[in-house]
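Data block below; observations after.
The values are calculated or read from the model by the stated rules, or taken from the named source; none is laboratory data. Since the model is a prediction, treat every value here as computed from it, not as a measurement. Because the Cβ atoms are built from the backbone with ideal geometry, glycine has one as well, and the counts that use them run over all protein chains shown. Please note that ligands, DNA and RNA were not included when accessible areas were found on the heavy atoms of the full protein model with its side chains. Shrake-Rupley method; radii C 1.70, N 1.55, O 1.52, S 1.80 Å.
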Amino acid sequence: MKRILGIIASPRRLGNCEILVKEISRQVPEPHALDLIRLPEFRINTCKACYTCLFAEMRCPQPDDLNTIIEALVRADALIVAAPTYFLGAHSVLKRLLDRGLSFYGSADRIWGKPAVGVTVAGIEHREGYAKLNVDSFLKLILAEIKGSEIFFGALPGEVFLNEDNKQKAAGLGAALFGNSAWPGQPCCNLCGGDSFRFIGPGRVKCLLCGNPGSVTMEDGKTVFQINSADHEMVLSQEAARVHLEWLRSMKDRFIQNRKALKQITVQYLKDGTWIRPT
Ligand SMILES: Cc1cc2nc3c(=O)[nH]c(=O)nc-3n(C[C@H](O)[C@H](O)[C@H](O)COP(=O)(O)O)c2cc1C
């Protein structure tokens with residue numbers, strides 16, 4: 001039987017994220033078991049930028065719960081990732097996990113390419129900020145096959161389902177998970193399906209999900225993005241991600257070669273300021 005992993009980035013039990021994940025699972029027509037992770041219950045340390053996980057055993061040396069999560073990702077056939085909006089972004093626990101993402105390379109072949117849907121919950125309409133971009137970025141950076149991603153509004157626990165339309169939206173995501181994709185919505189990046197952009201010049205934009213630049217025009221009253229793949233791709237293919245891994249590994253030699261010059265730059269700032277330390 002297939003296993004779906006629901007990752008819930010909310011601390012609130014039976015909150016909107018949790019019931020949405022469970023409702024989406026109920027709406028998946030294929031028989032499956034649902035495994036659940038409530039991320040705030042897990043000890044996820046901050047990445048220390050040591051890059052140990054890129055070499056040899058490709059494991060993070062920190063003694064926390066990261067490997068339990070990686071094992072759950074490996075075991076899963078499909079993912080439902082849900083995060084609440086906290087101050088315009090997704091709950092930081094999702095980013096904290098993603099910040100450890102270099103450790104995912106060690107299991108890349110067993111994590112990449114799984115079908116997934118994203119759920120972003122916000123309490124107030126139009127106050128979701130960049131939270132959906134956080135959820136989509138998480139899915140893209142683990143090279144999931146995103147089958148749908150939706151924003152739901154509701155503040156109180158359970159409030160999302162006071163609105164029947166949200167049941168329909170959840171059903172759509174459930175049907176899409178192993179079925180026909182409900183992603184991307186329109187208008188969106190033609191390369192990755194992202195729907196967040198930064199203006200970088202007249203008519204020029206950059207997709208914030210895949211990082212590629214391009215143009216935005218109006219055609220027959222519709223917004224059309226023409227985004228082109230630039231150098232140093234990371235999320236559009238497994239090959240691109242592997243090239244990125246090799247580039248990261250090559251940083252070690254670059255660092256050794258440039259160590260003296262880099263030290264000369266940084267050491268000049270050594271004595272500035274007074275550090276306030278945690279008590
Ligand atoms: C600290 C905090 C910050 C929040 N910030 C936002 C926000 O910026 N925008 C918004 O629309 N909702 C915000 N909310 C509301 C939550 O996104 C909302 O209650 C959501 O339903 C929580 O999902 P949950 O029930 O799964 O925990 C915030 C809630 C908390 C606790």
Within the accessible area of the chain, what % is carbon and sulfur when the probe is 1.4 Å and the other protein chains stay in place? 53 percent
From the phi of every residue in the stretch 123-140, what ³J(HN,Hα) in whole Hz does the Karplus formula 6.51 cos²θ - 1.76 cosθ + 1.60 yield, where θ is phi - 60° and glycine or proline is x? x, 10, 4, 6, 10, 7, x, 9, 4, 5, 4, 4, 5, 4, 4, 4, 5, 5
Put a dot 7 Å past each Cα toward the Cβ at GLU57 and ARG110; how far apart are the dots in nm? 1.5 nm
Once TYR130, TYR269 are ranked on solvent-accessible area with the largest value leading and a 1.4 Å probe, the list reads TYR269, TYR130
Per residue, what accessible area does the stretch 171-245 have, given a 1.4 Å probe and all protein chains present, in Å²? 54 Å²
Extreme residue, positive dipole direction of the stretch 2-183, given options GLY174, LEU162, VAL93 (C-beta unit charges): VAL93
Once all protein chains are kept in place, SER25 shows an accessible area at probe 1.4 Å, nearest 10 Å², of 10 Å²
Using a probe radius of 1.4 Å on heavy atoms only, what accessible surface per residue do you get for the stretch 1-154? Whole Å² is fine. 44 Å²
The stretch 2-183: spread of alpha-carbon positions along the three principal axes, whole Å, largest first, is 51, 35, 25
Roughly what % of DSSP beta bridges within the chain run antiparallel, to the nearest 5? 35 percent
Go through LYS206, LYS252 and list them by solvent-accessible area, largest first, probe radius 1.4 Å. LYS252, LYS206
To test your reading of the geometry: what angle, between 0 and 90 degrees and rounded to tens, separates the Cα axis of helix 238-267 from the longest principal axis of the chain? 40 degrees
May I ask you to order 45-56, 79-90 by the average number of other C-beta atoms within 10 Å around their residues, highest value first? 79-90, 45-56
Can you give me the solvent accessible area of MET218 with a 1.4 Å probe, rounded to the nearest 10 Å²? 130 Å²
Can you give the net charge of the other residues whose Cβ lies under 13 Å from the Cβ of LEU66, counting K and R as +1 and D and E as -1? +1
Only Cα pairs within less than 10 Å get springs; with that Gaussian network setup on the chain, which residue of ASN67, ASN166, ASN258 has the largest fluctuation? ASN258
Could you tell me how far the Cα centroid of the stretch 132-187 sits from the Cα centroid of the stretch 235-279, in Å? 36 Å
